[in-house]
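Single-structure report; data block below.
The values are calculated or read from the model by the stated rules, or taken from the named source; none is laboratory data. Please read these numbers as outputs of a predicted model, since none were measured by experiment. FYI the Cβ positions are ideal-geometry reconstructions off the backbone, even for glycines, and counts take in every protein chain you see. What goes into the accessible areas is simple: the full protein's heavy atoms, side chains included, and nothing from ligands, DNA or RNA. Shrake-Rupley method; radii C 1.70, N 1.55, O 1.52, S 1.80 Å.
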There are 2 protein chains.
Amino acid sequence: MLKDLILKNRSYRRFDQSVPFPTALLQAMVEAARLSASARNAQPLRYMLFNDPDACARIFPTLAWAGYLKEWPGPEKGERPTAYIIQLADLELTDDWWCDDGIAAQSMLLTAVEQGFGGCIIGSVQREKLRALLSIPERYKIIQVLALGKPAEKVVIESMKEGDIKYWRDPEGVHHVPKRGVDELIVNFG
Amino acid sequence: MLKDLILKNRSYRRFDQSVPFPTALLQAMVEAARLSASARNAQPLRYMLFNDPDACARIFPTLAWAGYLKEWPGPEKGERPTAYIIQLADLELTDDWWCDDGIAAQSMLLTAVEQGFGGCIIGSVQREKLRALLSIPERYKIIQVLALGKPAEKVVIESMKEGDIKYWRDPEGVHHVPKRGVDELIVNFG
């Protein structure tokens, strides 16, 4: 059932760093993105794949983690991502990729989750630092980074109270994500 | 397997209009969107659901179909969508929803496909006409429209030739969509 996959596909930020991320899975994720819809069929998105420890260690400091957890600087050694996918847009093809980035990200993450892995879409990226590090030409805009690995944290969804969108972590380390109810999402102005 | 769902999730533009689109499925689609990731957990997206024939008939003329099929004005009577989901952003919450729109659209369409339905994300919308028709307050930006129904066309993926992104329809009515190869999507500048 797809719903089970969607439920399992939480934004994971701590991983079991002893478990390598399979190269074949990274490729399967790009294949899932490739087979997904693209506005005007332009297909302007590109992907850089990384799963070797050295590259991951270099990419890690360019990312910011969990904006609402002010006391938490991000995953410690041993629980850091074991792979990254950097999503780029080829600006020579188009500078408007509509929602291709989200479509592709969702296809990729669901593909990872189906195989027992998972990750987090990170938009808070030191883009110029990352660009220099990986020699990414100006032709490509850095959209976002998927941080990936074998999840090593529990993430639970709960009902949002009084519009407070901030996720939080309890003393046992469980990550709580408040979600709006479906009644709030469905609107009608008739 | 998720990959089968992703493969079946083509952009369908012709439907069997004799098959009603279940209300419960529209709601399950919003539930799938609700359970998907949202940037900064802001959850600013909202959904209007329509599956009654009168409403569908009024919404239909506000949408443009298949830009590359210049000879085709869109689905005829009998093959038009039997449901729509209008995706809105609540601008009082944020004016930047990152790629939430694509994430949610993909979760919703995969949910429909799993139940034997399908659809097309339409970005070419006469937004002011649609806003007036449905009394959508200015507070909400109309992002895009999902046109939905029981697919009644065959859509095939093929390898892209010489960078030609235009989909096309053959004399038998089969819709052909050229896709870039995975080797073109994976880049490396090392």
In nm, give the distance between the simple-model label positions of A:Glu162 and B:Ala57, each being 7 Å from the Cα along the Cα-to-Cβ direction. 4.9
Cα-based Kirkwood hydrodynamic radius, segment A:53-190, one decimal, Å: 17.2
Compute the label-point distances linking B:Asp4 to its equivalents in the other copies; points lie 7 Å from Cα along Cα→Cβ; give nm, one decimal, shortest first. 1.4
If you draw the axis that swings chain A onto chain B, which residue of A has its Cβ closest to it, and how far is that in whole Å? A:Gly102, 1
Rounded to the nearest 5, the percent of DSSP beta bridges in the protein assembly as shown running antiparallel is 75
Any residue on another chain or 5+ positions along whose placed amide H is under 5 Å from the amide H of B:Arg80 is listed here as B:Phe15, B:Gln17
Pairs B:Lys8/B:Lys179; A:Lys150/B:Lys8; B:Lys70/B:Lys166; A:Lys77/A:Lys150; A:Lys8/B:Lys150: which exceed 20 Å Cα-Cα? A:Lys150/B:Lys8; A:Lys8/B:Lys150
Sorted by accessible surface (1.4 Å probe, heavy atoms of the protein chains only), largest first, B:Ser38, B:Ser107 come out as B:Ser38, B:Ser107
Looking at segment A:59-190 only, what percent of DSSP beta bridges run antiparallel? Nearest 5 please. 75
Would you kindly calculate the mean projected area, averaged across all directions, of the convex hull enclosing the Cα atoms of segment B:12-82, in square nanometres? 6.2
Relative contact order in percent for chain A (Cα pairs under 8 Å, 6+ apart) equals 30
Out of all Cα-Cα pairs in segment B:1-120, roughly what percent, to the nearest whole number, are more than 23 Å apart? 35
To the nearest 20 debye, what is the magnitude of the charge dipole of the protein assembly as shown about its Cα centre, counting +1 on the Cβ of each Lys and Arg and -1 on the Cβ of each Asp and Glu? 40
B:Lys154's amide H: which non-local residues (gap 5+, or another chain) put their own amide H closer than 5 Å, with H modeled 1.01 Å from N in plane and none for Pro or chain starts? B:His175
Phi-based couplings in Hz for segment A:84-99 (Karplus 6.51, -1.76, 1.60; Gly and Pro marked x): 9, 10, 9, 9, 10, 10, 7, 5, 6, 8, 6, 10, 9, 9, 6, 10
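Please state the equivalent ellipsoid semi-axes for segment A:122-190: what are the square roots of 5 times the Cα gyration tensor eigenvalues, largest first, in whole Å?
33, 21, 10
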Cα→Cβ-extended label distance, 7 Å offset, between B:Glu172 and A:Asp16, nm: 4.8
Evaluated at q = 0.14 Å⁻¹: base-10 log I(q)/I(0), Debye formula over Cα of the protein assembly as shown: -1.24
Whole-Hz ³J(HN,Hα) from phi, Karplus 6.51 cos²θ - 1.76 cosθ + 1.60, for segment B:57-72, glycine and proline x: 5, 6, 6, 3, x, 8, 10, 10, 10, 6, x, 7, 8, 5, 8, 10
Distance in nm between A:Leu93 and B:Val182 label points, each 7 Å along Cα→Cβ, equals 1.7
Hey, can you grab everything whose amide H is under 5 Å from the amide H of A:Lys179? Only 5+ residues off in sequence or another chain; H modelled, so Pro and N-termini drop out. A:Glu158, A:Ser159, A:Met160
Can you give me the solvent accessible area of A:Arg34 with a 1.4 Å probe, rounded to the nearest 10 Å²? 50
So what does B:Glu184 come to for accessible area, using a 1.4 Å probe and Å² rounded to 10? 80
Apply the Karplus curve 6.51 cos²θ - 1.76 cosθ + 1.60, θ = phi - 60°, to the phi angles in segment B:164-170 and return the couplings in whole Hz, x for Gly and Pro. 7, 8, 6, 6, 8, 10, 8
If we hang a label 7 Å off Cα along the beta carbon direction at A:Trp168, how far is it from the matching labels on the other copies, in nm, shortest first? 6.0
About the Cα centre of chain B, how large is the charge dipole given +1 on each Lys and Arg Cβ and -1 on each Asp and Glu Cβ? Please answer in debye to the nearest 20. 220
So, in nm and shortest first, the distances from B:Gln126 to its counterparts in the other copies, with label points 7 Å along Cα→Cβ, work out as 5.1
